[in-house]
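Notes for the one structure printed next.
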Amino acid sequence: MRRASLLLRAAIALLGVLSSAGCWSSGEIETQSVYIGMAMDKSKSDETEAALDRKGGSYPKRDAIASTIQIVAVQTATGASPKQAGGEKKQSFRNLTLTGDSVLEILREASLRLDRPLIGHHLKVIVIGDRLARDASMGQLLDFFLTDNDIRMSSLVFVSNGHASEVMESGVKEEVPAFHLWGLAKNRYRNIKILPSRSLATVNGFVQAGDNFLLQNVIAAKGEMKLAGAGVFDGRSGKLRGFLNEEEVQSWVWLTGRGEGGVLKIDDERTRQVLAYEIETMSSRTKASVSKDGDISFDVRVESRGRLAENWTSSIRQSDSASIKKAERMFEEAVSNGIGSLLRKLQRDYGIDAAEFGNQLRIQHPKTWNKVKNDWNDRFRQASIRCRVQITIADSGAKADPAPNAP
Amino acid sequence: MIQPEERIRAAQAAVIVSNLILGAGILTLPRSALENTHTPDAWIAVLLAGALALLGGCGIALLSRRYPGQTVYEFAGRIVGRAPGFVLSVLIVAYFLATAAFQVRSMSEVSSFFLLEGTPTWVITAIFLWVGLYLTVGGIGPIARLFEIILPATVAFLALLSVLSLRIFEPDRIRPVLGEGIAPVLRGLKATSLAYSGSEIMLILTAYMRSPKQAVKAVAAGILVPIAIYVPIVFIAVGALSVEGTLSRTWPTIDLIRSFEIGGLIFERFESLLLITWILQIFSSFTIAYYAASLGVSRLLGGRSARLCLYALLPVVYLLIRAPRNIRDVFGFGDVIGECYIWMFGALPWALLILSVCKEKWNAKGQPSS
Amino acid sequence: MKADSWSGDFDLDIGRFREQTAIHSDLRLRELELGGAPLRAALLFVEGLSDKEFIDRHLIRMLMKGRFEPPVTAEYVKNRILSVGALTERLSASGWLAKTLSGHTALLIEGIPEIFLIDTVHAGKRAPQEPESEGLVRGPRIGFNESLSDNTAMLRMSGENESLVISKRTVGRRVKRELAVAYMSDIVDPELLREVHRRLDRIDLDDLPESGYVEQLIEDNRLSPFQQAQNTERPDRVVAALLEGRVALLLDGTPFALIVPVTLSMLLQSPEDYYERWLPVSFIRILRFVSVAVSMLLPSIYIAFISFNPGLIPTKLAVTIIETRTGVPFPAYIEAVFMEIAIEVLREAGLRLPKPIGPAMGIVGGLIIGEAAVQAGFISPILVIVVAATAITSFTIPSYSAGITFRYLRFFAMLAAALFGLFGVVMFLLLIGSHLVKLKSFGVPYLSPAVPYRLSDWKDLLVRLPTAAMKKRPRILNPKDPTRGG
């Protein structure tokens, strides 16, 4: 009897909890707007917003940031039939551009225009326009993303030489630009002109430590996007200082030995014909040394193995080790020259150590580093850097190249 | 006094020690280890602190096994005298209560931040406490058995997560090793020691062991597991998030797991695994600490039923859980507990051990003459 | 004259016979005279239930054709006349009627103040068949039937074995039934045996029609959702359990034997696990554990991820879910509970229907209604997959009773998920875990040998090691003889 009444009371309590309070935190995924990409520009007027403003839909703000939010899987009026005739899924997305001063305020302002609240769990890419990046520091711009509980630290950060919002509008018809960009960053095993992924976690590390760093640059034109070089950020201020072009990024990857695969193309010295080297492995070791009077110098040794993947000339024959040696030397020279011009740009033009030499000094000479770290960029200008490249052509692929018949 | 079926085996004692140690610290340790070291060598501090914890744990085990079948609440009085022993017991009860409360509070903070935004924390806390109560009224046997399920799951999940995190690990970030000498490591020793609080449970557990002789072995095994979990976590977190990056995160271990996605595996994102593991660990830390506290209260009140105390203490623990007003207070609360741990269970057991041995010698000498 | 003793005066006694049996119209009274001696006798038996041929051939013929030499005493009848094995003498009048009504033949002879009860029970019974509830691909094709003597015989038939003890006792206050307690005398832990008998002694109910009654009356925790005795129709399973040191209870009238103590892992094992090769079996066992987890947790995880923690699923999956759930009017938990109830109803309906219609029902219900519901936009296609997966995985649980448990626990998991998302699911698991570690079956922890750790017993837990490696009996059962052989 007592037991029964206990059960009854428990059941009533449970029902009470269920009906009155219910599911405090519950919200079905389809009733929320999942944003997967965000572009931030220096304020730029958006037509829709301007029109809304004219009707009085505005609030006091300096319009520091224009933020384009990319929402995925927007519901269509027809309801549940996302399939097209061909059975191919059409991914729908919607861009929403809002201006304001604080990222969070902008996101919440969106609730005045969207019926479904925004959730940031699936934010994949953040693209920052160059004008904004030159004005505001990375730490400030990313502060909200690093504080919010929804946003993962795996979101990738890009810089755009131009309007970042254009990147969010480009891409092949049925593709969501943010996913496209996310996929591009994964192509590092095909091309060495892509930097290692810069996730929020990585960028946060740089910003907190005050390190200089590079961010992948993405540009958009004619409705398509392309990864093109990198933006150079000054660690002290956290602001964008300039850009490296594709060639320089390629050299940066060679210098740091971070490549996962890609191609090095040169013209043969003699015939001016194409020779292409496909990278299989790549590594680099930097030795930092400090002389007695405090001069800092670096010896970089880049090594790579790979194959001769394309050969238009007749002067280089795969079967002939002397000519292979010659090809290797030509590739080595090309890499050294590239690295040389990159270092010139970093040391002379920008005066920013964006190639992690300071890090090597910290590891190898911690005491010296502690002394110089406060004016490291200036010391870096004076540092002498020597670079040795060694390329080994290990095989020549499927093609056989018989040696000419010896007499 | 202790039913034979309630006796636990050495392996179970070890598992309980591990489960009590692994608690709220899993998510914050990389940051708290770095706060005083500021060098990538924090993991060495964690390792050394583990060694210190081993030392402290051995002291506790050696002391408790001198009094087989008795918990600290009983033998404390026999070593230092009735009144001081009573005071000591009250302190230990307070310590265990505070530990239990701190664990639950951390859990509710993290749960409402990452899992249940919007649900009132009192609901989260209440559910957690009820389930914990349900387990603890079963006594030490079921507690030990549940822990034996939880621990392998924890170790497996954390090992998996560590291996997965290696993909964003950069060796350069944890170099140089001892670049600034041993001094920063030593500075970090105290903060990291706090993460190893837990071996004090042996003061009570030894009484329940089938063979108290194995207490030292059990406590050593019980501390080695957390060392094997903590060191890789700190090592990888620093290597993936960098020293400054780790320092800037409230819950660095969650952020470590949230820093990568692995396409192709079903989950792609693994923080759910980490949070589940962590809640399980908090649950185990809470239940055993709470059980120890209730046991103490029942002994202090002259052997009232421990079950009754378990029910009666629940409101007290709830008030303690609600006491910190914000997350800074919570971490402060944790630091205070850690401080108490170092004083009460780092040094004191050795002192008591020496006292106890001396007393026995003295008694033995006195015996023949009388 | 005392009411419960026989007088020896035939007319008086036969009068009582008639008087007491008047309301039982299926009782037949056959009067006859003994051959050679001028003594009357009477046989009383139930038509149809008693073995008519046996009575004709052995009793009537013997009594009529025999040459009896007076004086005919009870001893004389017993020792010289009745050439039958199963004979009971009843001095008193009490109890004879019940026996007679259950198929014994009562024999009354003039001048003897006693009644003889001869076991002539010949109930219509089923030949042993392959058990339906526990189908195997490989293994003996024999199952228990409803006759206790047949069932105990089947245990005996498993091989020459003098330590197999079958001790019978009666249970039931009004309807008395025989219950056999079977064990291996040189293996079983005597303490366990005493405990079994202690609990059987406590049973006090007028009738126990099925072993399920016994199970529920002797279990440790009556509020637990988990069964604390295993039921089986398979003699091989019972024998295997006895050899591990367990005790089997066989009740007359049901083919389901009970095995105690039981552990959770036993419920997920099938006798076939030991007949097939160990590697595939180990793989299948792991699959079963996964299946249990899936069938219990998948819907709740679905609810948790859809309604509470959308950040914990892959982005592409989230996008797909959003697209497919667009237009579904119900929250995930309503949708999931609704469909899970529907599938349970379908399953129940399929069970009750005549055999040939059952599967058709499943197809109609499962495929057509599911597809229609998706088409109509009531539920999302992903949920259909989830529900189908839970249903299919729940079929892999070898024990039907355990399957029921896990199936309805699923609803509590869903409730927890609907209230607290992933946190609720974890709390549910902790609650179930806490319950399981507290639960004991006849003093044996329910989760053993998983916890407390018994490494030697782990050879037969998640995986099954080669038979040659399993030379030890489960230590948790505290067997007298711990080894199986060399």
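Taking chain A as the reference, fit the longest principal axis to its C-alpha atoms, fit the long axis of helix A:2-16 to the helix C-alpha atoms, and give the angle between the two in degrees, 0 to 90, nearest 10. Roughly 70 degrees, rounded to the nearest 10.
In summary, segment A:143-252 shows an alpha-carbon radius of gyration equal to 1.06 times the 2.2 N^0.38 Å reference for compact globular proteins. Within the set of other residues whose C-beta is less than 10 Å from the C-beta of C:Arg28, count the net charge using Lys and Arg as +1 and Asp and Glu as -1. Residues close to C:Arg28 contribute a combined charge of 0.
Each residue of segment B:338-345 is assigned a 3J(HN,Hα), and the resulting list reads x, 4, 4, 4, 4, 6, 6, 10 Hz, derived from the Karplus form 6.51 cos²θ - 1.76 cosθ + 1.60 (θ = phi - 60°), x at Gly and Pro.
Take the Cα of B:Ile182, step 7 Å toward its Cβ, do the same at C:Ile368, and the gap between the two points is 8.2 nm.
In this simple spin-label approximation, A:Thr271 and A:Arg329 carry label points 7 Å from Cα along the Cα→Cβ vector, and these lie 1.8 nm apart.
Among A:Trp24, A:Trp182, the ranking by other beta carbons within 10 Å of each residue's beta carbon, starting with the fewest, stands as A:Trp24, A:Trp182. Backbone amide hydrogens, once placed in the peptide plane, bring B:Ile8 within less than 5 Å of B:Met209, B:Arg210, excluding anything fewer than 5 places away on its chain. Each of A:Leu114, C:Leu298 was scored by other Cβ atoms within 10 Å of its Cβ. Arranged with the fewest first, they read A:Leu114, C:Leu298.
Extending 7 Å from the Cα toward the beta-carbon at both A:Ala221 and B:Lys213 defines two label points whose distance is 8.4 nm.
Selection among B:Ser211, B:Phe235, B:Ser199 by position relative to the dipole of segment B:180-252 gives B:Ser211 as farthest towards the positive end (Cβ unit charges, Cα centre).
Ranked for footprinting exposure by Cβ neighbours inside 10 Å, fewest first, C:Val292, A:Val232 give C:Val292, A:Val232. In chain A, a dipole from Cβ-located charges (positive for Lys and Arg, negative for Asp and Glu) runs towards its positive end, and of A:Gly183, A:Ser291, A:Ala110 it is A:Ser291 whose Cα lies farthest in that direction. DSSP beta bridges confined to the protein assembly as shown are antiparallel in about 80 percent of cases. Working note: Karplus 6.51/-1.76/1.60 with θ = phi - 60° gives segment B:56-71 the couplings x, x, 5, x, 4, 5, 4, 5, 5, 7, 6, 10, x, x, 10, 8 Hz, where Gly and Pro are set to x. P(r) tail, segment B:1-129: Cα-Cα pairs separated by more than 26 Å, 44% of all pairs.
Within 10 Å of the Cβ of each residue in C:414-420, the mean number of Cβ atoms contributed by other protein chains is 5.
Fully extending the segment from B:Leu355 to B:Ile327, taken as 0.36 nm per residue of separation minus the present Cα-Cα distance, adds 6.0 nm. Under the rule a/c < 1.5 gives rounded, and otherwise a/b versus b/c splits prolate from oblate, where does segment C:10-118 land using the Cα gyration tensor? Prolate, since a/c reaches 1.5 and a/b exceeds b/c. Of all DSSP-defined beta bridges confined to chain A, some 70% are antiparallel rather than parallel. Convex hull volume of the C-alpha atoms in chain C, normalised per residue: 189 Å³. The C:Arg454 and C:Ser7 beta-carbon pair, evaluated with R₀ = 56 Å, returns a calculated FRET efficiency of approximately 0.30.
Each Lys and Arg Cβ is given +1 and each Asp and Glu Cβ -1; about its Cα centre, segment B:4-369 then shows a dipole of about 1400 debye.
According to the square roots a ≥ b ≥ c of the eigenvalues of the Cα gyration tensor, what is the shape class of segment C:274-444, taking rounded for a/c under 1.5, prolate for a/b larger than b/c otherwise, and oblate for the remainder? Since a/c reaches 1.5 but b/c is at least a/b, the shape of segment C:274-444 is classed as oblate. The C-alpha radius of gyration of segment A:246-397, expressed as a fraction of 2.2 N^0.38 Å, stands at 1.17. Mean per-residue shielding of peptide B:279-287 is 2, counting Cβ atoms of other chains within 10 Å of each Cβ. Expressed as a whole percent, the proportion of Cα-Cα pairs in segment C:148-262 lying more than 24 Å apart is 18%.
Cross-linked pairs A:Lys325/A:Lys345; C:Lys52/C:Lys125; A:Lys287/A:Lys367; B:Lys190/B:Lys213: Cα-Cα separations exceed 20 Å for A:Lys325/A:Lys345; B:Lys190/B:Lys213. Relative to the longest principal axis of the Cα atoms of chain C, the long axis of helix C:278-303 makes an angle of roughly 60 degrees. Axis of helix B:183-194 versus longest Cα principal axis of chain B: the two differ by about 60°, to the nearest ten degrees. When restricted to Cα atoms, the protein assembly as shown yields an Rg and a Dmax of 40.3, 142 Å, respectively. According to the square roots a ≥ b ≥ c of the eigenvalues of the Cα gyration tensor, what is the shape class of segment C:189-342, taking rounded for a/c under 1.5, prolate for a/b larger than b/c otherwise, and oblate for the remainder? Note, shape of segment C:189-342 comes out prolate. Rounded to the nearest whole Hz, the Karplus-based 3J(HN,Hα) values (6.51 cos²θ - 1.76 cosθ + 1.60, θ = phi - 60°) of segment B:173-180 follow the sequence 6, 9, 9, x, 7, 6, x, 10, with x at glycine and proline. The charge dipole of the protein assembly as shown, taken about the Cα centre with unit charges on the Cβ atoms of Lys, Arg (+1) and Asp, Glu (-1), comes to about 2700 debye, rounded to the nearest 20.
A simple charge model with +1 on the Cβ of Lys and Arg, -1 on the Cβ of Asp and Glu and nothing else charged puts the dipole of segment A:304-407 at about 460 debye relative to its Cα centre.
Ranking B:Thr37, B:Leu300, B:Thr154 by how far each Cα lies toward the positive end of the dipole of chain B (charges on Cβ) leaves B:Leu300 at the top. Per residue of C:321-331, other chain Cβ atoms within 10 Å of the residue Cβ number 6 on average.
A short reminder: the numbers here are calculations on the coordinates, not readings from a lab. Quick caveat: nothing in here was measured; it's all calculated off a predicted structure. Using ideal geometry, Cβ is built from the backbone for each residue, glycine included, and neighbour counts are taken over all protein chains shown.
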